[in-house]
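**Q** Quick one: the structure is below, questions incoming.
The values are calculated or read from the model by the stated rules, or taken from the named source; none is laboratory data. Quick caveat: nothing in here was measured; it's all calculated off a predicted structure. Methodologically, a virtual Cβ is constructed for each residue, glycine included, from the backbone with ideal geometry; neighbour enumeration extends over all protein chains shown. SASA here: full protein model, heavy atoms, side chains in, ligands and nucleic acids out. Shrake-Rupley method; radii C 1.70, N 1.55, O 1.52, S 1.80 Å.
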Amino acid sequence: MARALREMVETFGVGLVGGCCGTTPEHLAATVREIGRRPAVARPMKPLPLIASMVRAVDLHQDPAPLIVGERVNTLGSRKVKRLALTDDYDGMVTVARGQMEEGAHALDVCVAMTERTDEREMLRQLVKKLALNVEGPLVLDSTEADVIKDALEQYPGRAIVNSINMENGRARIEAVMPHAIAHGAAVVAMTIDEEGMAKTAERKLAVARTIHRIVTEEYGLAPEALIFDTLTFPLSTGEEEFVRSAIETIEGIRLIERELPGVLTILGISNVSFGLNPVARKIVNAVFLYHAVRAGLDMAIVHPSHVVPFAEIPAEERELAEDLVLARRPDALARLIAFFEGREETNDGATGPDPMIGMGPAERLHHRILHRKKEGIEDDIDLAVAEAGDPVDVLNNVLLPAMKEVGDKFGAGELILPFVLQSAEAMKKAVSRLETYLEKQEGVTKGTVVLATVFGDVHDIGKNLVNTILTNNGYTVHDLGKQVPVNRIIDKAVETNATAIGLSALLVSTSKQMPLCVQELHHGGHRFPVIIGGAAINRAYAQRTLFVDEQTPYEPGVFYAKDAFEGLSLMDRIVDATRRDELVRTTVETARAALGRPGRTAFSVPAEAAVTEGATVRRVDLPPPPFWGVREMEPIDLDDVWPCLDLKTLFRLHWGGKGLKDEAWEALQRNEFLPRLRAMQEAAKCDGWLQPRVRYGYFPANGEGNDLVVYSPDEEEREIARFPFPRQPRRDRLCLADYFLPVSSGRRDVVAFQIVTVGSEATARTERLQAAGEYAESFFSHGLSVQTAEGLAEYAHQRIRRELGLGEEQGKRYSWGYPSCPDLSQHLLLDRLLDAGAIGVRVTEGYQFDPEQTTAALVVHHPDARYFALARTGGEED
């Protein structure tokens with residue numbers, strides 16, 4: 001408990017820690033020892049950029065952007081709502097509002113202004129009251145009349161947005177509305193309009209925004225985070241020369257305002273850009289306009305949520321036509337777009353082509369929706385399929401599970417990348433959730449029970465989470481114990497749940513040693529749980545060794561290796577089938593016996609006296625002067641400075657699952673999926689702060705002594721403060737990292753640099769929240785970007801150290817623990833003592849890993865001859 005409280009102090013800045021009922025003096029003494037004396041943390045007074053209804057708060061910075069404001073509860077934009085308003089049908093308008101929320105809106109634009117009626121004030125008051133009680137989403141109160149806004153704000157039990165203020169009549173509109181907005185804590189939309197009219201160029205939009213910004217922030221005290229600028233746009237359908245560039249000017253206006261007025265937000269009514277065009281063309285133009293506006297920094301969009309077409313799903317020809325118009329790339333763009341879409345009509349679901357599900361029965365539609373990642377409508381098809389089959393178990397076993405199997409087969413064949421598999425899993429989860437309403441009293445529905453865990457000492461769990469997703473959505477009950485799980489807890493949970501099997505994951509070699517320990521404990525306890533193991537540190541040979549609890553005795557229920565989640569699924573399908581399980585165990589044991597019975601390859605042994613012998617002589621070089629001695633935290637780091645250091649190939653192929661594609665398929669995936677997603681996630685990370693780059697680094701006097709790097713105090717160069725033993729190559733050049741530093745016998749001190757970087761704990765928390773919410777693909781993408789951002793940050797810090805030491809581009813190698821030249825992760829404790837990793841929210845776990853996971857550390861060797869090297873393999877072969 002004391003350690004947990006320390007983590008809360010370090011991670012969240014908790015300023016007061018104490019005890020309550022049941023607390024003993026011993027407990028408080030342990031807490032004091034663990035936390036120690038720390039300076040009080042200043043509390044940020046910056047308001048959170050949130051709006052809220054009576055029951056829900058919504059972050060104005062959505063990830064991915066933008067925040068969607070539903071546009072249909074508006075008498076000026078919806079004929080249906082106008083008809084309902086004219087007859088005082090408030091319940092009908094509430095139904096429209098609910099539909100907007102169900103279709104994906106985060107908030108609702110609400111307007112009841114009409115020329116046919118003069119009681120707007122009373123109508124909006126009544127509608128706001130109804131919506132507050134019946135709709136969870138926050139409201140955007142839209143009116144040109146200050147008294148109407150005042151009454152609506154007084155009625156609304158949340159934090160609303162007022163739409164809008166402008167300077168069309170000088171300061172009059174601002175002075176009429178702002179007192180009410182300030183009194184009720186509302187956010188405010190400001191249109192870029194002044195006495196000259198709507199600003200048409202990006203520079204004019206910024207100029208008007210500056211004036212409004214100064215007035216409302218300095219004179220009225222509105223926080224910049226509560227000020228939302230609408231840069232406005234004109235229809236592109238007129239063909240008038242004056243408006244050909246209007247969409248570009250709007251987009252650039254967004255970019256300028258976001259850059260020049262820190263903290264403010266931007267909003268757009270998207271559909272105005274396409275007013276007057278064919279409805280099919282409007283959807284495409286709106287989608288292209290929205291895409292480029294978001295890339296420029298747009299935070300919020302007023303749009304019909306179900307009419308937003310994903311940019312990546314727009315056919316290439318249609319996208320090019322729309323971009324030609326929106327970006328003013330050719331003079332005949334409007335004519336070409338009109339000609340292309342002439343006579344085109346939408347299908348019932350809004351698509352512009354034939355619906356592939358026309359003529360399908362409920363079971364076929366379910367299969368299609370899961371295979372093609374379409375969640376909408378899947379619950380209704382479950383109802384129809386159950387009614388048709390008469391047995392929900394039949395729907396699960398013969399419709400849903402075969403669909404997910406086909407997804408897995410396509411993934412195995414390289415036809416689907418992992419993010420698409422996860423999106424199919426999201427559709428599957430939604431279907432299963434609906435099916436569970438029919439299965440409540442059914443028994444024997446689950447195919448089996450699996451206890452999953454990342455082993456003790458290991459903080460990495462993205463692989464385990466994928467296994468959980470795949471097994472859960474293929475009919476198995478999964479108990480996920482999380483990460484850093486001790487052996488006894490794994491076994492206790494398996495016993496408690498009468499598990500069909502246990503699944504263990506590990507990323508590192510050091511933590512994988514927990515797996516044979518678990519198997520041995522299961523064996524000695526007489527348990528009968530098959531064990532499946534996997535992870536980056538595991539291969540089939542390791543699983544074969546783990547199978548044997550001693551030289552001759554295999555763990556009878558079996559230990560099996562799964563290279564990925566789908567092999568884990570295949571193993572489980574055989575384990576639960578009694579006829580196939582026996583064959584699986586028999587062949588696994590026979591294969592392992594044969595592999596382990598082959599002539600062994602023994603490791604090349606190094607005599608003890610040779611282990612400390614220096615390698616080849618390393619030439620003496622001039623020592624670079626460090627800019628300072630000791631430890632510092634790098635000044636606040638802008639994510640924009642880190643992004644250029646990202647290894648996009650590793651991000652896209654390894655962390656985002658694109659490794660199986662090549663040629664045109666690979667190029668299309670990057671162009672249409674990964675690069676747009678990356679840009680959107682990067683902007684969201686900057687806005688939301690879920691990636692928080694921090695670096696601790698320092699320069700220390702040092703010498704080599706045999707195989708050890710000896711580190712001295714920056715203040716007392718004769719006092720040794722740390723010693724890092726490194727392994728030496730037993731053959732070839734007999735290299736060791738210690739060789740690259742002046743030896744103790746030289747009588748001079750060399751210099752070594754250390755660094756530790758992190759992107760913070762919120763990255764992990766965000767990944768876990770998305771996973772728990774069933775947003776498997778978003779969780780996967782978030783984890784990948786956070787890990788690669790930490791690697792990019794390490795490169796950023798490395799480049800900084802090189803510059804400070806005056807080293808060339810190829811000089812100054814960076815070595816991280818866990819790699820062959822410095823494999824001992826326990827040295828992370830030494831590094832922690834040198835750099836005080838806790839100062840940037842990082843701790844070293846009992847398994848010597850960093851928490852948060854998105855953290856890396858290294859030492860930098862300045863010697864120009866330093867190079868990366870490996871040690872010998874078993875059998876005398878070298879890497």
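**Q** Please list, in order along the stretch 93-109, the HN-Hα scalar couplings obtained from phi with the Karplus expression 6.51 cos²θ - 1.76 cosθ + 1.60 (θ = phi - 60°), rounded to whole Hz, x for Gly and Pro.
**A** 5, 5, 4, 4, 4, 4, x, 4, 5, 5, 7, x, 5, 8, 8, 10, 7
**Q** Using the basic label-point model (7 angstrom from Cα toward the beta carbon), what is the Arg748 to Glu26 distance in nanometres?
**A** 5.7
**Q** Kindly express, to the nearest 10 degrees and within the range 0 to 90, the angle between helix 172-184's C-alpha long axis and the longest C-alpha principal axis of the chain.
**A** Between helix and principal axis, roughly 50 degrees.
**Q** Just tell me which lysines come within less than 19 Å, Cα to Cα, of Lys150; anything on the same chain fewer than 8 places away is out.
**A** Lys129, Lys130
**Q** If you don't mind, there's one more thing I want to ask. If you compute Cα Rg over 2.2 N^0.38 Å for the structure shown, which of [x] 1.09; [y] 1.36; [z] 1.04 do you land on?
**A** Calculated Cα Rg over 2.2 N^0.38 Å: the matching label is [x].
**Q** Mind checking the stretch 128-205 for GluC sites (Glu not before Pro) that DSSP puts in a loop (not H, G, I, E or B) and that have at most 16 other Cβ atoms within 10 Å?
**A** The qualifying sites are Glu136, Glu145, Glu168, Glu195, Glu196.
**Q** By what distance, in whole Å, do the Cα atoms of the stretch 672-824 stretch along each of the three principal axes, largest value first?
**A** Over the stretch 672-824, Cα extents along the principal axes are 60, 37, 29 Å.
**Q** Quick one: which residues, 5+ away or cross-chain, put their amide H under 5 Å from the amide H of Val752? H built at 1.01 Å from N.
**A** Close amide H contacts, sequence-distant or interchain: Phe700, Ala702.
**Q** Rounded to the nearest 0.05, what FRET efficiency is calculated for Arg329 and Leu86 with R0 set to 30 Å and r the Cβ-Cβ distance?
**A** The computed FRET efficiency comes out at 0.10.
**Q** Residue-wise, which Karplus ³J(HN,Hα) couplings in Hz belong to the stretch 541-546, taking 6.51 cos²θ - 1.76 cosθ + 1.60, θ = phi - 60°, and x for glycine or proline?
**A** Taking θ as phi minus 60°, the curve returns 5, 5, 5, 5, 5, 5 Hz for the stretch 541-546.
**Q** Against the longest alpha carbon principal axis of the chain, how many degrees, from 0 to 90 and to the nearest 10, is the axis of helix 761-772 turned?
**A** 70
**Q** Another question, then. Distance between Cα centroids, the stretch 500-571 to the stretch 182-261: provide it in whole Å.
**A** 61
**Q** In deg cm²/dmol, rounded to 500, what helix-only [θ] at 222 nm does the chain give when every DSSP H run of at least 4 residues adds -39500 (n - 2.57) and the total is split over its residues?
**A** -12500 deg cm²/dmol
**Q** The stretch 717-746: which trypsin sites (Lys or Arg not before Pro) are DSSP loop and have at most 11 other beta-carbon atoms within 10 angstrom?
**A** Arg719
**Q** Can you list the residues, at least 5 places off or on another chain, whose amide H is less than 5 Å from the amide H of Val695, using H built in the peptide plane?
**A** Met634
**Q** What does the C-alpha gyration tensor say about the overall shape of the stretch 91-147? Classify as rounded when a/c is under 1.5, otherwise prolate if a/b is larger than b/c, or oblate.
**A** Judged from the Cα gyration tensor, the stretch 91-147 comes out prolate (a/c at least 1.5, a/b above b/c).
**Q** To continue, here is another question. Given a 1.4 angstrom probe, what's the average accessible area per residue across the chain, in square angstrom?
**A** On a per-residue basis, the chain sits at 46 Å².
**Q** Another question, then. Suppose we flag chymotrypsin sites (Phe, Trp or Tyr not before Pro) only when DSSP calls them loop and at most 12 other Cβ atoms lie within 10 Å. Which is the longest uninterrupted stretch of the chain?
**A** In short, 1-627.
**Q** Moving on. To the nearest 0.05, what FRET efficiency results for Glu556 and Glu496 with a Förster distance of 22 Å applied to their C-beta separation?
**A** The calculated FRET efficiency here is 0.55.
**Q** For a quick check: with amide H placed at 1.01 Å from N, whose amide H comes under 5 Å from Ile302's, ignoring anything fewer than 5 positions away on the same chain?
**A** Answer set, sorted by chain and number: Val69, Leu268, Gly269, Ile270.
**Q** Please report the carbon-and-sulfur percent of the accessible area for the stretch 754-820; probe 1.4 Å, protein heavy atoms only, DNA, RNA and ligands left out.
**A** C and S fraction of accessible area: 47 percent.
**Q** Let me test this: with uniform point scatterers at the alpha carbons of the stretch 1-107, what is the Debye-based log₁₀ I(q)/I(0) at q = 0.12, 0.13, 0.22, 0.24 1/Å?
**A** The Debye formula, applied to the Cα set alone, gives -0.66, -0.70, -1.13, -1.21.
**Q** Arrange the residues Thr75, Thr588, Thr437, Thr115 by how much accessible surface each exposes, largest first, with a 1.4 angstrom probe.
**A** Thr115, Thr437, Thr588, Thr75
**Q** Roughly what angle does helix 418-439 make with the longest principal axis of the chain, taking Cα atoms, 0 to 90 degrees, to the nearest 10?
**A** Approximately 70 degrees, to the nearest ten.
**Q** How large a share of the accessible area of the stretch 103-184, in percent, is made up of carbon and sulfur atoms when the probe is 1.4 Å and the other protein chains stay in place?
**A** Here it works out to 45 percent.
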